[in-house]
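The structure appears below as structure tokens.
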Amino acid sequence: MQNPAFRIEGLGGIQELQGEIPVYGAKNAVLPALAAAVLVPGLSKFENVPGIADIPAMGALLEGLGARVTREGRTLSVEAGMISSSVLESTAARSLRASVLLIGSVLARTGSVTFPHPGGDVIGERPIDIFISAFQKLGATFSESGDAYTLAAPNGLSGGEFFFRVVTVTGTEAVMMAATAARDVVTLKNCALEPEVIATAEYLKSCGAHIEGAGTPTIVIRPSTLSAPVKTHRIIPDRIEAASFLALGALAGKSITVTGCEPSHLDAVLEGLRYMGVPVTVSGSSITVRAPEKLLPTRFRTHEYPGFATDAHPPFLILLTQAHGDSVMIESIFDGRLKYTEELVKMGAKITQVSPHRVNIQGPTVFQGRHIDTPDIRAGLAFMLAAIIGTGTSTIGNAHLIDRGYERIEERLRAVGVRITRV
Ligand code: EPZ
């Protein structure tokens, strides 16, 4: 079938968007929770689960392992009493980078795991060397045959200390969850501090795991016996969705309120908006913004949490193209993530790439509508924002990639005045 696309009529600089945009549960909190559920011999229930394509993809991987995954509305249940396989289905595992999370829980639950090199976003090299060395440090052996990798620990994982030479979100999550099944204490250093890491630890602790220090650079996991949690685990709000919709409000809002979010996860984003002259009002789980007279230029550097999130960089780069003056975006986490800016230049932006990790931006510029195929989730959101504020009609192909990260996005945008249809 022809790949799905969004058609957007540009607002031509009119800043009249008005209303509320609800934020849904965080994709990058659901995925580690589903992987961790493989460790729990019983029924785990998760609520506030978004309707995005990555979830059934992860669910299919769990079913392939012998778990049963069912969904009622925004509640997802995982019954992992019986795990009968330790092989991740190759095609599914390749389509989803988050399949790396299962390496930890399947290895810990079954004593081995076989998997292909994971796929997912094409935003530069996505190695898994740190995962492999962490599990080897905990006593697993690593082997390759063809394009399949196998980690084995028939006598279970030992205790020990591991230092992440690079801060890795899924690496921290995968090793932390596996460590709950280790024979002795595991100390992890230079861990990721993301709210999604904390949320994964909270779920595991509700199943009886002994985990101290999640959200700090050092996490200590003591041997734990896990059992089904008594209560449903609520997925935290998606901070990247919130950042994306706040950017829209700052670009074209008369008054846009993002609801159901967690402002305390958005310090770097809110600080950046205020620095650019955007009026920001926080009240409870709602944040209201509008487009200022003039957006002020600035420089962003993406950084591990609590710094400015790399996933918020593409939507915020559109803000920089509208700021009056010279701005800079430094993408310090992923190489290859800035490639999408070439498409924005074709739409009229003045962007110069000065290194694999840095672009200089001159604003403000007007975006001319055109057809673009997005390479990944977050660049897709950036293209949507450019099309919305630009002139003329745009179509954005590979909409299914945007659907991986944003549930029914066209309905939420139409509700505040964006002229968008799915074609
Ligand atoms: C998570 O990816 C997110 N995905 C990404 O969101 C996010 O962009 C990224 O963290 C950074 O915040 C999920 O949580 C499912 P990393 P992850 O391991 O864990 C290097 C989205 O759009 N590295 O923290 O894969 C790696 O190359 C996605 O929702 C190694 O070198 O990212 C990168 O430079 C995109 N070796 C750095 O670590 C390894 O073994 C940080 O990557 C692992 C990672």
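The table below lists the values:
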read-out	value
Mean accessible surface per residue for the range 1-127, computed with a 1.4 Å probe while every protein chain stays in place, in Å²	37 Å²
Shape category assigned to the range 160-265 from the gyration tensor of Cα positions, a/c cut at 1.5	oblate
Proximal charge balance of Pro314 [Cβ under 10 Å; K/R count +1, D/E count -1]	-1
Relative contact order for the range 1-158, counting Cα pairs under 8 Å that sit 6 or more residues apart, in percent	18 percent
Segment Thr391-Glu63, extension gain: residue separation times 0.36 nm, minus the distance between their alpha carbons	113.5 nm
Against the rule of thumb 2.2 N^0.38 Å, how large the Cα Rg of the range 213-264 comes out	1.81
Pairwise label distance in nanometres, Ser133 with Thr232, each label 7 Å out on the Cα-Cβ vector	4.3 nm
Heavy-atom accessible area per residue - the range 147-216, 1.4 Å, Å²	35 Å²
Span from the the range 292-345 Cα centroid across to the the range 52-72 one, whole angstrom	34 Å
Sorted largest first, extent of the chain alpha carbons per principal axis (Å)	63, 44, 44
Distance (nanometres) between label positions extended 7 Å along Cα→Cβ at Arg414 and Asp147	3.8 nm
Residues of the range 314-328 with amide N under 13 Å of the 7 Å Cα→Cβ point at Arg299	326-328
Overall form of the range 69-111 per C-alpha gyration tensor (a/c, 1.5; a/b vs b/c)	oblate
Share, in percent, of DSSP beta bridges within the chain that are antiparallel, nearest 5	70 percent
Per residue value of the accessible surface for the range 310-423 (all protein chains in place, 1.4 Å probe), Å²	34 Å²
Links that overshoot a 22 Å alpha carbon limit, given the list Lys137/Lys189; Lys205/Lys231; Lys27/Lys205; Lys45/Lys189; Lys137/Lys205	Lys45/Lys189; Lys137/Lys205
Projected-area average for the range 180-221 over all orientations - Cα convex hull basis, square nanometres	2.6 nm²
Gained length - Arg74 relative to Ser264, 0.36 nm times residue gap less alpha-carbon distance	66.0 nm
Rg and Dmax [Cα atoms of the range 371-423; Å; Rg one decimal, Dmax integer]	10.1, 27
R0 of 30 Å, Cβ-Cβ distance Ser85-Lys339: FRET efficiency to nearest 0.05	0.20
Note, ³J(HN,Hα) from phi for the range 35-44, Karplus 6.51, -1.76, 1.60, rounded to Hz, x at Gly and Pro	5, 5, 4, 5, 7, 9, x, x, 9, 10
Euclidean distance between Cα centres, the range 403-423 to the range 156-226, Å	37 Å
Coarse-grained scattering of the range 1-151 at q = 0.08, 0.13, 0.18 Å⁻¹, given as base-10 log I(q)/I(0) from a Debye sum over alpha-carbon atoms	-0.29, -0.66, -1.08
Rel. contact order, % - alpha carbon contacts under 8 angstrom, at least six apart, the chain	21 percent
Accessible carbon and sulfur surface of the chain relative to its total accessible area, %, 1.4 Å	52 percent
Largest-first principal axis extents, alpha carbons of the range 70-205, Å	41, 37, 34
Pairs of alpha carbons in the range 273-410 whose separation is greater than 20 Å (percent)	47 percent
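The values are calculated or read from the model by the stated rules, or taken from the named source; none is laboratory data. Keep in mind that what you see is a predicted model, and the values were worked out from it rather than measured. Don't worry about glycine lacking a Cβ; one is built from the backbone with ideal geometry, like all the others, and counts go over all protein chains shown. Calculation scope for accessible area: heavy atoms of the full protein, side chains included, ligands and nucleic acids excluded. Shrake-Rupley method; radii C 1.70, N 1.55, O 1.52, S 1.80 Å.
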